[in-house]
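Since the structure comes first, as structure tokens, the remarks are kept for the end.
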Ligand SMILES: Nc1nc2c(c(=O)[nH]1)N[C@H]1C(S)=C(S)[C@@H](COP(=O)(O)O)O[C@H]1N2
Ligand SMILES: [Mo]
């Protein structure tokens, strides 16, 4: 077959090549946007911006479901989903462009507008510049689609710009090779732009990485007591008592992990009853007396038996000391503010009761996690940690601002999304081993797991086999009442199917309720149980 056909391109072939042009144009738009975002900031890219907007607008139950089913991959799935939707739209726009060139291009520009609006309305937007990646990307994509769609028309006698396919039998010709060449060149150029953007975006965090590498955490003036020897029994399948940083659960709304340069970071403390206001640098904090404490963190989205709980040794500045320096009084002492709102560099807001921060517990601005400067994923350079409160009401990562206010006058991010204002961690316990649907051998089976009731402490853990009586488990030594506690129970297992259940009692004497609740609005309750078949 000749490359230059004597027939105008029509029908299915024209539509499918139009669809291909649409895909290439969308690919180019995303790639160019990626390149431009490297000049603005990675968060301004259209996929990240639209993804962020989607996260903020996702109803709580759906978000909770996504976290449960995809875990930390929820963000990857979301981005793939957005790209998938874009791909389908690109195919449609390409087919439209094959018929009406201008319409296809206007479609591409419209999606650019959506990306631009999402980018400038993000809470961490730096202003109109955030629209640039979407706008420039869309203009490039629209122009490319217009041009490629033009390659579908015959070489000679092409009429006006938005000319439809010429009438059949007009004796004009379509140049197949010309289209393939144009499409290939466009795809190659886009790949180049996209890769360059990726590389430049990677370089962006360099200062932040260097600033983190330069951190030498000073010795804390108040050390954590060493973990009692009996706190971490060696039982295979049991979670380690200290969760390594690399295994620590991560829950946040950030599609791009914020990379903050500690040398340029500042924290401002201001608001009701704050006098004097304070602005602190990272070095200021490093120079203050530091406390070191073991504290178990838990996410309110953790299902009964779920993985969003971890224990680490934190180093930081006591928050109550800092607040006292700024004249803050707890409401119990007549202070005007009952809510402390922490804001992060990515626009997250987290509201914590002032009373909890100032009641003597080891609430801190953490700089170190398990002997290392905070990992970027966990809030470098500084995050909050408050023993006893779920992360969404206490553990602001990448913090940059603390405002003293009232619960009446301000709702933080998650509270606007129907989660409770106040959320102390519920007493919970989890069976780590045997695993669900495990097949242990008959005889002595060690049932083991963790139990937590931060800031109250765990007093008792009990295990039940099938409908039998509750039996007390062996509790490992307690580190502190702010940490979880390991437990184990030697079970004389008999062949057949069995269900194991666990429940904990905290130091206030309260036993975990068997009433199952959802995670929304203030954390799941109920007993964890595991079904196994003993062989
Ligand atoms: N900036 C910011 N901080 C945040 C969040 C967030 O989305 N953004 N999520 C909070 C929630 S819901 C939890 S459970 C903890 C999780 O901390 P981790 O990821 O270090 O385990 O961080 C909290 N701090
Ligand atoms: Mo959370």
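The values are calculated or read from the model by the stated rules, or taken from the named source; none is laboratory data. All figures in this text were calculated on a predicted structure; none of them were measured in a lab. Here the Cβ is made from the backbone with ideal geometry for all residues, glycine too, and neighbour counts use every protein chain on show.
Out of all the residues in the stretch 182-204, is one or more assigned to a loop (DSSP other than H, G, I, E, B) and modelled with pLDDT of 95 or more? Checking the stretch 182-204: not a single residue is assigned to a loop (DSSP other than H, G, I, E, B) and modelled with pLDDT of 95 or more.
Note on the stretch 516-535: residues that are in a loop (DSSP other than H, G, I, E, B) and more than 29 Å from the chain's Cα centre (by Cα) amount to 1. Of 98, 38, 33, all but one fail to be at pLDDT 95 or above, under 27 Å from residue 182 (Cα atoms) and in a helix (DSSP H, G or I); the exception is 33. Looking at the structure I just gave you, is residue 267 outside the structural domain of residue 410 (by TED's automatic domain parsing), buried (at least 18 other Cβ atoms within 10 Å of the Cβ) and modelled with pLDDT of 95 or more? No: the conditions fail for residue 267.
The strands (runs of 3 or more DSSP E) located wholly in the stretch 229-323 that include 1 or more residues which are in contact with a strand residue (DSSP E or B) (Cβ under 6 Å, 6 or more places away or on another chain) and within 16 Å of ligand 2 (Cβ to nearest atom) occupy 291-298, 309-318. Among residues belonging to the stretch 351-381 that are assigned to a helix (DSSP H, G or I) and more than 11 Å from ligand 1 (Cβ to nearest atom), point out the one that is farthest from residue 211 (Cα to Cα). The extreme case among them is 355.
Checking 97, 66 one by one, the residue that is more than 20 Å from residue 256 (Cα to Cα) and in contact with a helix residue (DSSP H, G or I) (Cβ under 8 Å, 6 or more places away or on another chain) is 97 and no other.
State whether one or more residues within the stretch 178-188 are out of contact with any helix residue (DSSP H, G or I) (no Cβ under 8 Å at 6 or more places or on another chain), touching a residue at least 12 places away in the same chain (Cβ under 8 Å) and closer than 19 Å to residue 94 by Cα. Yes, that holds for at least one residue. Candidates 321, 247: the one that is at pLDDT 95 or above, within 12 Å of ligand 1 (Cβ to nearest atom) and surrounded by fewer than 17 Cβ atoms within 10 Å (Cβ to Cβ) is 247. Only residues that are crowded, with 24+ Cβ neighbours inside 10 Å and within 16 Å of ligand 2 (Cβ to nearest atom) were counted in the stretch 392-410, giving 7. Going through (1) touching a helix residue (DSSP H, G or I) at 6+ places or on another chain (Cβ under 8 Å); (2) away from ligand 2 (no atom under 16 Å from the Cβ); (3) closer than 29 Å to residue 216 by Cα; (4) not in a loop (DSSP other than H, G, I, E, B) one by one, residue 384 falls short only on (2). What are the residues in the stretch 422-437 that are assigned to a loop (DSSP other than H, G, I, E, B), surrounded by 15 or more Cβ atoms within 10 Å (Cβ to Cβ) and away from ligand 2 (no atom under 15 Å from the Cβ), if any? Selection gives 427, 434. Considering (1) under 24 Å from residue 400 (Cα atoms); (2) surrounded by 19 or more Cβ atoms within 10 Å (Cβ to Cβ), the lone condition that residue 120 does not fulfil carries the number (2).
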